[in-house]
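Written below as C-alpha cells is the structure these notes are about.
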Amino acid sequence: MTYHSRLSEAAATIAQAGSPWAGIDADAVARMQLQNRFTTGLDIARYTSKILRADMAAYDADPANYTQSLGCWHGFIGQQKLIAIKKHFGTTKGRYLYLSGWMIAALRSEFGPLPDQSMHEKTSVPALIEELYTFLRQADARELGTMFHDLDAARDAGDAAAEAALVAAIDSYETHVVPIIADIDAGFGNAEATYLLAKKMIQAGACALQIENQVSDEKQCGHQDGKVTVPHEDFLAKIRACRYAFLELGVEDGIIVARTDSLGAGLTKQIAFSKEAGDIGDQYNAFLDCEEVTDITTLRGDVVIERDGRLMRPKRLASNLFQFKSGTGADRCVLDCITSLQNGADLLWIETEKPHIEQIASMVDRIRAVVPDAKLVYNNSPSFNWTLNFRQQVYDAWIDAGKDVSDYERAALMSVIYDTTPLAAEADEKIRTFQKDAAKRAGIFHHLITLPTYHTTALSIDNLAREYFGEAGMLGYVAGVQRKEIREGIACVRHQNMSGSDIGDDHKEYFAGEAALKAGGVHNTMNQFA
C-alpha cells in the first residue's frame with residue numbers, strides 16, 4: 001500500500017470511530033504503519049524467502065549474480081551492516097546476514113565463552129534472529145522518520161515538487177530487512193529436537209536454515225579436528241524435519257542449506273543400516289576402513305559387515321568411533337551433496353580446509369553431473385590464513401609455469417618482507433576476485449564470512465586502547481573514532497538518534513501534541529553533529 005492509500009484508509013477508520021478518536025491523526029497512523037511493515041517474524045520469513053528464491057534463480061541465469069553476507073553476533077552489528085550497505089551501494093540486493101553458531105557460542109552464551117561444539121543454549125539462536133530483525137526494523141523506522149520530517153519541511157515551504165519526490169521515495173522505500181541464513185548446527189539433538197528448534201527460528205524470521213551432517217552430541221567447529229559424521233538417513237531425517245517446520249508455518253519458499261563436513265571428518269559414530277547392496281547405507285559403509293576377519297576367535301564385541309563376500313571388521317577406536325578410509329573425504333562430500341539435494345535440500349555447503357577454487361570445483365563438477373543446478377554457500381572463513389594460502393598458490397603456479405621463485409621461501413611467504421613483491425600483488429588480486437571467480441567456476445551462489453565482526457571488533461578495540469590509554473589520551477578517541485565518524489558520514493556519531501530518540505519524540509508528539517516533552521530540543525548536544 002502507498003503512503004496516500006494508507007492515509008486514506010486511516011482517515012476513514014478514524015472517521016468511522018467518531019469523536020472518541022478525534023485526537024488520532026491519520027497521517028501519524030500511516031507513518032507508523034509504514035515504519036513497521038513487518039508485524040511478525042513469519043511475515044519476515046515469508047518475505048525474505050521469496051527474495052532468496054529469486055536470487056537463486058538469477059544466479060542460475062548468470063553466475064555473476066552471486067550473493068554475499070557477513071556474520072553477526074548482535075542486532076546492532078547487523079543493523080549497521082545494512083545501513084552501511086544502503087549508504088555505499090544504494091540497495092541491499094544480493095546482500096544478506098549470516099547468523100553464526102560459532103559466534104553465539106563464543107559471545108552469547110550464559111555460560112560465558114564456549115567453543116563451537118553445540119554446548120550453548122539453543123534458545124539463544126532464535127533469540128538472536130529476533131534481535132537482528134528488531135534492529136533492522138528500527139533502521140527502517142529511523143530512515144523513514146527522517147524522510148517524513150523532510151516531507152513536512154517541503155510542505156511547510158510550499159515546495160510541491162519536493163513533496164511529490166519524497167512521497168515517491170517513501171512509496172518505493174527499500175527495507176533494511178534482508179534474508180538471514182541461520183546456523184542450526186547439527187540440530188541440537190534428534191530429528192524432533194531439530195524440528196522444534198527450526199520452528200522457533202522460522203517464527204523469529206529465519207528463511208534459510210543451515211544444518212550440518214555431524215553427530216549432534218559430538219559436534220565440532222568445521223575447521224577443527226575430531227569431526228564425526230552421521231549416516232545419510234539420519235541427516236535426511238533432520239532435513240525433512242526442517243522442511244516440515246517451514247511448511248507447518250506457511251513458509252513454502254523456506255531454504256535448507258545442507259552442509260557436509262566429510263572432507264575433514266574421518267570418523268563416524270555408527271555403521272549405516274543397509275537393506276541391499278548399493279543402497280545409501282551400503283554406500284556410506286563402503287568408505288569404512290576395514291580389515292578382513294579370517295579368525296572369528298579374534299572378535300571381542302566387534303561389529304562386522306559383509307563386503308564382496310568377505311567378513312570385514314570396521315576399525316574402531318578406543319572412543320568407540322569408527323574411522324573412514326584415508327583419502328575418501330572428497331568422494332564422501334560428493335555423495336553427501338547429491339543425496340541431500342535429491343532429498344529436499346536447496347543449497348549445499350562444503351566445509352573445506354583452505355580457500356582453493358579448483359578443489360571446490362572438482363567436487364561441484366561431479367555433483368552437477370547428477371544435479372545440474374547444484375549451488376553452494378561457501379564459508380570465506382577467518383580460520384583460513386588467506387594471505388599465506390594464496391601466496392603459496394601463486395608460488396606453486398609459478399613453479400608449474402617455469403617462473404623463477406628463487407627470491408621466495410614458500411614456508412615463509414606470510415612474512416612482511418614479501419608484502420610489496422610481485423608474488424604478493426598477484427596473490428592479493430586473486431583474493432580480491434576470489435568470490436567472483438568461485439561463483440563462476442565452482443558453483444558458489446552465496447559467499448559469507450562467518451566471524452568478521454568478531455575480528456574487526458577486536459582489532460578496533462586494540463587500536464583504541466593503545467591510543468587512549470597511551471600518550472594520545474582523549475585525542476586517541478577523537479582522531480581515531482569521532483572525527484572519522486563525522487568525516488565519513490557514520491550515522492552513529494549521533495548515537496541518541498541511532499538509539500531511537502527522535503522516533504520517540506515523534507511518538508510523543510502524536511500522543512500528547514503540544515504538551516509533548518521532547519528530547520531533541522535546542523539543548524540536545526547531538527545538535528552539534530547536525
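Output the residue which, of all residues in the stretch 44-93 that are in a helix (DSSP H, G or I) and either of a type in the set (Lys, Arg) or not assigned by TED's automatic domain parsing to the domain that holds Ser124 (or both), is farthest from the chain's Cα centre (by Cα). Restricting to residues being in a helix (DSSP H, G or I) and either of a type in the set (Lys, Arg) or not assigned by TED's automatic domain parsing to the domain that holds Ser124 (or both), the top hit is Lys87. Please go through the stretch 182-218 and give me each residue that is hydroxyl-bearing (Ser, Thr, Tyr) and surrounded by fewer than 24 Cβ atoms within 10 Å (Cβ to Cβ), ordered by number. Those that are hydroxyl-bearing (Ser, Thr, Tyr) and surrounded by fewer than 24 Cβ atoms within 10 Å (Cβ to Cβ): Tyr195, Ser216. For the stretch 433-444, indicate whether the set of residues that are of a type in the set (D, E, K, R), at pLDDT 90 or above, over 27 Å from the mean Cα position of the chain (by Cα) and more than 25 Å from Lys81 (Cβ to Cβ) is non-empty. No. Tell me whether the stretch 410-432 contains one or more residues that are touching a helix residue (DSSP H, G or I) at 6+ places or on another chain (Cβ under 7 Å), at pLDDT 95 or above and closer than 22 Å to Ile350 by Cβ. Looking for residues that are touching a helix residue (DSSP H, G or I) at 6+ places or on another chain (Cβ under 7 Å), at pLDDT 95 or above and closer than 22 Å to Ile350 by Cβ, one finds at least one in the stretch 410-432, hence yes. Taking the listed residues Pro115, Pro63, the one that is surrounded by fewer than 20 Cβ atoms within 10 Å (Cβ to Cβ), touching a residue at least 60 places away in the same chain (Cβ under 8 Å) and in contact with a helix residue (DSSP H, G or I) (Cβ under 6 Å, 6 or more places away or on another chain) is Pro63, with no other qualifying. Within the stretch 363-381, residues that are closer than 18 Å to Ala330 by Cβ sit with their Cβ atoms under 7 Å from residues that are among the hydroxyl-bearing types (Ser, Thr, Tyr) and crowded, with 23+ Cβ neighbours inside 10 Å, at 6+ positions apart or across chains, in these pairs: Asn379/Thr450.
I need the full set of residues from the stretch 173-193 which are in a loop (DSSP other than H, G, I, E, B) and either over 30 Å from Gln35 (Cβ atoms) or free of Cβ contacts under 8 Å to residues at least 24 places away in the same chain (or both), in order please. Residues satisfying the conditions are Ile184, Asp185, Ala186, Gly187, Phe188, Gly189, Asn190. Only a single item in (1) in a strand (DSSP E or B); (2) under 30 Å from His447 (Cα atoms) is not met by Cys333, and it is number (1).
When the criteria are applied in full, Thr328 fails the requirement of being over 26 Å from Ala258 (Cβ atoms), surrounded by fewer than 18 Cβ atoms within 10 Å (Cβ to Cβ) and among the hydroxyl-bearing types (Ser, Thr, Tyr).
Here's the yes/no breakdown for (1) hydrophobic (A, V, I, L, M, F, W, C); (2) surrounded by fewer than 18 Cβ atoms within 10 Å (Cβ to Cβ); (3) in contact (Cβ under 8 Å) with a residue 12 or more places away in the chain; (4) within 18 Å of Leu341 (Cα to Cα):
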residue	(1), (2), (3), (4)
Cys242	yes, no, yes, yes
Ile255	yes, no, yes, yes
Thr260	no, no, yes, yes
Gly266	no, no, yes, no
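The values are calculated or read from the model by the stated rules, or taken from the named source; none is laboratory data. Computed from a predicted model, the values in this text were never measured in an experiment. Because the Cβ atoms are built from the backbone with ideal geometry, glycine has one as well, and the counts that use them run over all protein chains shown.
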